[in-house]
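In what follows, a structure is listed as structure tokens, so that the remarks can point back to it.
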Amino acid sequence: DAPKVPDSRGDSDGPRRGSLCDRHCAAINNGQGDLGELGCHLHRPRVPPATSTPSCCQQHSEEVCESCVVKTTLTAENAVEANKLSNNYKFGFKKWKSHVTERPWEDRSEIVKELYSDLNIIRGSGGSTLTCGNVLYLLLFGWWLSLLYVLVAAVMFVTVMGAPYGELCWDLAGYFLWPFGKVIQKVEVPKSHQACEAGMGESSALLGGPTPLRWRLRCWVGTGYWHYASTAVWLCLGYPLLALAHGLVSVTAWLLIVFIPVAKLSTRATSRVLLLPPERVLIQHLRMTEVPLEGEVILCCYRAANPYYYKYAVDGINVFAVNLLPLVLVTLVLGYVDSPNHLTGSAVKFTLALLSIMPLSYYIGMAIASISAQSNFAVGAVVNATFGSITELTFYITALIKGSREGNRCYAEVVKSALTGTLVGCVLFVPGLCMVIGGIRHQEQRFNSRSAGVSSALLFLSVGGVFAPTLFSKVYGKLVCGECHNVTQNPLGHYLCHNCHFDLMDNNGTLYYSHVQPLVYTVSILLPAAYLIGLFFTLKTHTHIYDIHISDCHMPGHHHSAVVHWSRWRALVILLLSTLCMSACADLATEHISPILTNSTISQYFIGVTVLAMVPELPEIVNGIQFALQNNLSLSIEIGNCIAVQVCMLQIPILVLFTIFYPTNFTLVFSDLHVYASMFSVVLMNYIFMDGKCDYFQGTVLVMVYFILLAVYFFAPSPSGC
């Protein structure tokens, strides 16, 4: 219908336009600093602009609502977060999902606020306490912790002087058997002798009921010398044992992550409850309608387990990375102290070294993101280019050095398998898994096909350049076979040959040194040059292809100064220490991989393309999944593409450059299996990403193709020389 001319009573469509724009801007700001595909065109009213009232984001309504039709709008709580979000869309920069600054408390959801509570809040209606998590607490911790309190209570009663603490332990035994729906309070008690005598009566106005036995026992023990003697008995005989037990419970519950409330419960009991005078501790069972007594609430727990604790962070560090950090220390101590393998074998040390790489990769990634978000573009580009591939390069270089020292060509083949596995995994598995998980929540996901096209073009160029020396050697190399048999007993019949390869060292290596090696050096120069051109294209001359706009719209609670988790100097120190530990773990991994390669029945190809290739990329895979769940598949795809491009255009040329100064067995000639798998993966990825939209079915196709290639590598014979 044609719009009506507004009358003197006011235009009813005008407020409607403003309210829609306001709701749109509120939706932008409620994105918690993430990217979202915005669609103002879906809410565009059928009224002329002259009849609409501009109220979206006050003065910027028309600019924002008109620009978001063609741009993706990023919102953040502060300038540092905005810089981090902008860096996520810069080609060659490490993508990071987590915040690098502290989020305003009022902007967090109630679920997240509950994760960081100190278990001292009494809720009006806590619901039923009979849950699966609480029952698991009873089976894992509650029964033996309660029994320990009973034993300590018996010891305290035997000493006579510790009787008040014995009665407290008796009450705490019932509490820790099932602490849910109960409260521990710190209350004030009479201190004078007259008040103590008055407290010996049948009731207490403070409690509104009978006086606890430990109050009367404390009055019987008295003050002065006997009071100090009672405390000394408790600190010598009772408290250390209980503190040790609570420490064990805290560590175990913290490692289980979902039982972090139990860890908080035990820690608070050790540091607060057990150090209070027994007469100041009040344990009470709360009913839903009961009003709590006056006094400080020390402990009040309703649930022992919370599945949302996977979001929990300590100083910006995810709880998983915090829990895996002691593993790095154990790996280094065990690896370098127990060199003769008296305590553990090489397989255990190799596994620990690989697992230690995961948290170190996380710390390196967060340090890079923190430094880049707090620095200008030049510093961020240098840090990302220098440390972006440090995890993989550290392992590859240490493996090549060890292989050169031992004269074992198998290490070079494993490095080639790991390079190919990283390329194939980041092209097929990473985006495919993100599509599947994101497609479960979102029926269809869209992404920026233009930015994905840039990465695809670079992938085609890089794959062609990396495998050019291999194709050249296949054409001009001499096929040499280790053993041939005539299967038809006819000299002109068919021959069955084994261990065949193209010999590049025929005629004293004329083909390799005169043709293949110059080609390798030429490719190693052209690929980084192409990478720099891609950076200049995407970051300087054609930044518009990413359609990124930093929104000036903020909700009232979003004007906060940036409080970073890690300052630039702190992030730099963590980055250097993590890199140093990464080098040590890579050295241990290569030191103890030799028995696995020689004694394992699994193909060395399979070990390289799976374990050695994908374990260091697990933090990146987690980031990609988180972006996909937020309906931001563009970054999920860019994570895989960026890693694959860096493998071909940065990591391989650096390895070639390294072999110039430190001769190794590494040559840029891959097996046929690596060539076919890589090229097929890149072609399939470009076919899937052609239309700029996808669903879980297309992701399933990519993942299935990846597993088929893994099966091929699993059944493939080991490379020659291994």
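Take the Cα of E296, step 7 Å along the line toward its Cβ, and report every residue of the range 246-282 whose backbone nitrogen sits under 19 Å from that point.
Counting backbone N atoms under 19 Å from the label point, the list is 264-282.
In whole Hz, with x marking every Gly and Pro, tabulate ³J(HN,Hα) for the range 619-636 from phi via Karplus 6.51 cos²θ - 1.76 cosθ + 1.60, θ = phi - 60°.
Along the range 619-636, the couplings run x, 5, 5, 5, 4, x, 5, 5, 5, 5, 5, 8, 6, 10, 5, 4, 6, 4 Hz.
Would you mind computing Rg(Cα) / (2.2 N^0.38 Å) for the range 299-369, counting N as its residues? Intermediate results must be reported in sequence, preceding the final value.
Numbers: Rg = 16.2 Å, N = 71, 2.2 N^0.38 = 11.1 Å.
In units of the 2.2 N^0.38 Å rule of thumb, it is 1.46.
For the pairs K97/K416; K90/K540; K97/K264; K113/K264; K95/K349; K95/K311, note any where the Cα-Cα span goes beyond 20 Å. Can you show the working numbers first?
Numbers: K97/K416 30 Å; K90/K540 10 Å; K97/K264 27 Å; K113/K264 15 Å; K95/K349 31 Å; K95/K311 18 Å.
Result: K97/K416; K97/K264; K95/K349 exceed 20 Å.
If you roll a 1.4 Å probe over the heavy atoms of the protein chains, what accessible area per residue do you get for the range 332-427, in Å²? Show your work: numbers first, answer last.
Values: 3110 Å² over 96 residues.
For the range 332-427, the per-residue accessible area is 32 Å².
Hey, what do the phi angles of the range 299-307 turn into as Karplus ³J(HN,Hα) couplings, whole Hz, using 6.51/-1.76/1.60 and θ = phi - 60°, x for Gly and Pro?
Here the 3J(HN,Hα) series is 9, 7, 10, 10, 9, 7, 10, 9, x Hz.
Taking the Cα atoms of the range 682-722 alone, what are Rg (to one decimal) and Dmax (as a whole number) in Å?
Considering the range 682-722 through its Cα atoms, Rg and Dmax are 14.4, 45 Å.
Set the Förster radius R0 to 25 Å, insert the Cβ-Cβ distance between F157 and L325 as r into 1/(1 + (r/R0)^6), and round the FRET efficiency to 0.05.
0.05
The values are calculated or read from the model by the stated rules, or taken from the named source; none is laboratory data. From a predicted model like this one, the values you see are computed outputs, not experimental measurements. Virtual Cβ from ideal backbone geometry, glycine too; neighbours counted across all protein chains shown. Protein only, heavy atoms only, side chains kept; ligands, DNA and RNA dropped before computing areas. Shrake-Rupley method; radii C 1.70, N 1.55, O 1.52, S 1.80 Å.
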